[in-house]
1. Residues 138, 164, 158: which one is within 22 Å of residue 81 (Cβ to Cβ), in contact with a helix residue (DSSP H, G or I) (Cβ under 8 Å, 6 or more places away or on another chain), acidic (Asp, Glu) and assigned by TED's automatic domain parsing to the domain that holds residue 19?
2. So the check is Cβ under 6 Å with 6+ separation or different chains; which pairs have a first residue in the range 275-304 that's at pLDDT 95 or above and a second one that's β-branched (Val, Ile, Thr)?
3. So, in the range 160-197, of the ones that are small (Gly, Ala, Ser) and more than 24 Å from residue 291 (Cβ to Cβ), which residue ends up modelled with the highest pLDDT?
4. Being among the aliphatic types (A, V, I, L, M), closer than 26 Å to residue 69 by Cα and surrounded by 13 or more Cβ atoms within 10 Å (Cβ to Cβ) is true for just one of 217, 243. Which residue is that?
5. Give the range 279-318 a look and list any residue that's on the phi < 0 side of the Ramachandran plot and part of a loop (DSSP other than H, G, I, E, B), or say none.
6. Of the residues 285, 239, which is more than 23 Å from residue 37 (Cα to Cα) and not assigned by TED's automatic domain parsing to the domain that holds residue 74?
7. Would it be correct to say that residue 58 is under 28 Å from residue 281 (Cα atoms) and in a loop (DSSP other than H, G, I, E, B)?
8. When residues of the range 136-174 are filtered for being within 13 Å of the chain's Cα centre (by Cα) and aliphatic (A, V, I, L, M), how many remain?
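The values are calculated or read from the model by the stated rules, or taken from the named source; none is laboratory data. Being a predicted model, the structure only gives us computed values, none of them experimental. Cβ sites come from the backbone with ideal geometry, for glycine too, and all protein chains shown count toward neighbours.
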Amino acid sequence: MVRIPQSPGEQMSNLTQWRDITHKEISKVYLGTSLSLDLLLTAVLCGGHVLLEDVPGVGKTLLAKALAKTLGGTFNRIQCTPDLMPSDILGYSVYNPVTGGFDFREGPIMAHVFLADEINRASPRTQSGLLQAMAEGEVTREGHTDALPDPFIVLATENPVEFEGTFPLPEAQKDRFLLSFSLGMPTREQESLIMDYWESQKDALSELKQTTDFKDLSNFKSQIRKVHLDPKIREWILDLVRLSREDSSLSLGISPRGTQALTRSSRALAALRGRDFVIPEDVKDLFIPVNQKRIILHNTASLRGQSPKTVLGRIIMSVPTPALRDI
């Protein structure tokens, strides 16, 4: 039996302090759940990317801008449309009549936080232009490979209620998102505060403070590798993954990349919450956001009204959760 530490170390405490300060800063302009912000910061610590599936007007762009401000990084966005080309994202060369040569113009992807708005409106060819950037942190353009800024995070959005003029994301694309979740609608109290914010006409976004620098963020990333994952929780995760691949409602279960994403993000979320060890609650909070876009339902399951969320929820209820006293 592994003894659970009674208090986090100084480094873990610094990470939790960063989390609390960042929550406070972002909450000046974006009023959402604490879990949504934790998931976003988890992706930052893991060097992962986030797919937000929400209706328009819930603050996705504002959240992305606020994240970039608190990180002290650059922000770029692009509105995806069917006629968008890969070069519109990655960059392209234009003829310079003065020099008689070509000048290269950087694409918007060269930013710390890159927002791909309504990514499923871009053609498959354009969507595939993001694969190398999301998987390897670099882009190849006109025969040259360049590293992307560090940190680099793609925040992509999808509208779940509009399908006309859209292209489904291929499995390879969805598998490269660490997390996929919905921000949801604000509560009555939150919406009242949002009304007050817009009526005040204050530019609170420009007043947000940077909460960390890139050196400290790099140290935070190295800390999450030291977060303890008990063998019992490790075996539990493997059981969950195996069950997804055997579930009759699914034609495709959780991929090996999904398994790695779940363990990595569980460590990061535990560290954000002030612990140097993972507990089952961390895994439960991440199981659906990590995997709901990685699995594929059988047609019969869809006709019966099942969804990836309901299937994953059933799976995690089917496998006994390790008792905290046993880890």
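1. Answer to the selection: 158.
2. Close Cβ pairs satisfying both conditions: 278/233; 280/321; 287/316; 291/254.
3. 192
4. Answer to the selection: 217.
5. 279, 292, 293, 294, 295, 298, 304, 306, 307 - these are the residues of the range 279-318 that are on the phi < 0 side of the Ramachandran plot and part of a loop (DSSP other than H, G, I, E, B).
6. 239
7. Yes; evaluated as a whole, the condition is true for this residue.
8. Total meeting the criteria: 4.
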